[in-house]
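Trainee: This is the structure I want to talk about, given as structure tokens.
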Amino acid sequence: MNAPQDRTQMDNATAADIARRQLLRESLGEWWERLANTSSAWDLEAVKHLVVLNAAGLAGVATLLARNKGLSPEWTGPVTLLGYGFGVVLAILNMYLSAVSFTLMANEVSDRIRNTWDLSINMDGMHEKPKSGSILNIAGQACGWASAILAVGSTVTIGISLVGR
């Protein structure tokens, strides 16, 4: 006699699970969108500034070295050229690693969205931090910081060289 009542409870549980999964899909979709936007914003802003800063420094030092008077001490020119040059390379590497990292994170969130359609998959942990791309993200951040440090170090070095004349 309990069979119809058990069937109703089961239908209610399934309906509740389907509604919960729909909410998960929506929130994961919003998260995916934020990751995609973050990727674009990061590429366009922080990295752009690092490339411009290092490239401008490289051009400035090259201009200074093209003058008839050399820099003092003599190692200042080559060292700052290398600093700015590696800064540009690291900024571009940062851009690439960050873009790949955010793409991998967005793909992982997209997979989670797909999993919400499968009623046999447990939904626990769907909002945990994505694991995909985390190492690339850390490597990209390290490249960005190294690029910034090289820009500041090269700028300070050339500034001291010019003031010390």
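Trainee: Starting from segment 18-33, keep only residues that are in a helix (DSSP H, G or I), then list their pairs with residues that are among the hydroxyl-bearing types (Ser, Thr, Tyr) and loosely packed, with under 12 Cβ neighbours inside 10 Å whose Cβ atoms are within a distance under 6 Å, requiring at least 6 positions of separation or different chains.
Mentor: Filtered contacts from segment 18-33: no entries.
Trainee: Moving on to the next point. Looking at (1) under 30 Å from Thr38 (Cβ atoms); (2) without any contact (Cβ under 8 Å) to a residue 12 or more places away in the chain, find the lone condition where Trp75 falls short.
Mentor: Here Trp75 clears every test but (1).
Trainee: Listed residues Val109, Val79; which is more than 15 Å from the chain's Cα centre (by Cα) and either closer than 18 Å to Thr157 by Cα or not in a helix (DSSP H, G or I) (or both)?
Mentor: Numbers: Val109 fails: either closer than 18 Å to Thr157 by Cα or not in a helix (DSSP H, G or I) (or both).
Of the residues listed, the single one that is more than 15 Å from the chain's Cα centre (by Cα) and either closer than 18 Å to Thr157 by Cα or not in a helix (DSSP H, G or I) (or both) is Val79.
Trainee: Within the bounds of segment 41-48, is there any residue that is part of a helix (DSSP H, G or I), under 30 Å from Leu119 (Cα atoms) and acidic (Asp, Glu)? Spell out how you get there, then give the answer.
Mentor: Looking only at segment 41-48, we keep the residues that are part of a helix (DSSP H, G or I), and these are 41-44, 46-48.
Those left that are additionally under 30 Å from Leu119 (Cα atoms): none.
No, that holds for no residue.
Trainee: Against the condition surrounded by 12 or more Cβ atoms within 10 Å (Cβ to Cβ), at pLDDT 85 or above and out of contact with any Asp or Glu (no Cβ under 6 Å at 6 or more places or on another chain), how does Val79 come out, does it pass? Before you say what the answer is, go through the steps one by one.
Mentor: Values: surrounded by 12 or more Cβ atoms within 10 Å (Cβ to Cβ): yes; at pLDDT 85 or above: yes; out of contact with any Asp or Glu (no Cβ under 6 Å at 6 or more places or on another chain): yes.
Here the answer is yes, as Val79 does meet what is asked.
Trainee: Which residue out of Gly125, Gly159, Gly133 is at positive phi and surrounded by fewer than 19 Cβ atoms within 10 Å (Cβ to Cβ)? Before you say what the answer is, go through the steps one by one.
Mentor: Numbers: Gly159 fails: at positive phi; Gly133 fails: surrounded by fewer than 19 Cβ atoms within 10 Å (Cβ to Cβ).
Only one candidate passes the filter, namely Gly125.
Trainee: Now, a different point. With respect to Ala91, determine if the residue is touching a helix residue (DSSP H, G or I) at 6+ places or on another chain (Cβ under 8 Å) and not basic (Lys, Arg).
Mentor: On the way: touching a helix residue (DSSP H, G or I) at 6+ places or on another chain (Cβ under 8 Å): yes; not basic (Lys, Arg): yes.
Considered against the rule, which asks whether it is touching a helix residue (DSSP H, G or I) at 6+ places or on another chain (Cβ under 8 Å) and not basic (Lys, Arg), Ala91 comes out as yes.
Trainee: What pairs come up if the first residue lies in segment 47-71 and is exposed (fewer than 15 other Cβ atoms within 10 Å of the Cβ), the second is among the charged types (D, E, K, R) and part of a helix (DSSP H, G or I), and their beta carbons are under 7 Å apart, counting only those six or more places apart or on different chains?
Mentor: Qualifying pairs under 7 Å: none.
Trainee: Turning to a different aspect of this structure: Filter segment 136-156 for residues that are surrounded by fewer than 19 Cβ atoms within 10 Å (Cβ to Cβ) and hydrophobic (A, V, I, L, M, F, W, C); which is farthest from Trp31 (Cα to Cα)?
Mentor: Among them, the one singled out is Val156.
The values are calculated or read from the model by the stated rules, or taken from the named source; none is laboratory data. Note that the structure is a prediction, hence the values are computed from the model and not measured. Note: ideal-geometry Cβ built from the backbone for every residue, glycine included; neighbour counts use all protein chains shown.
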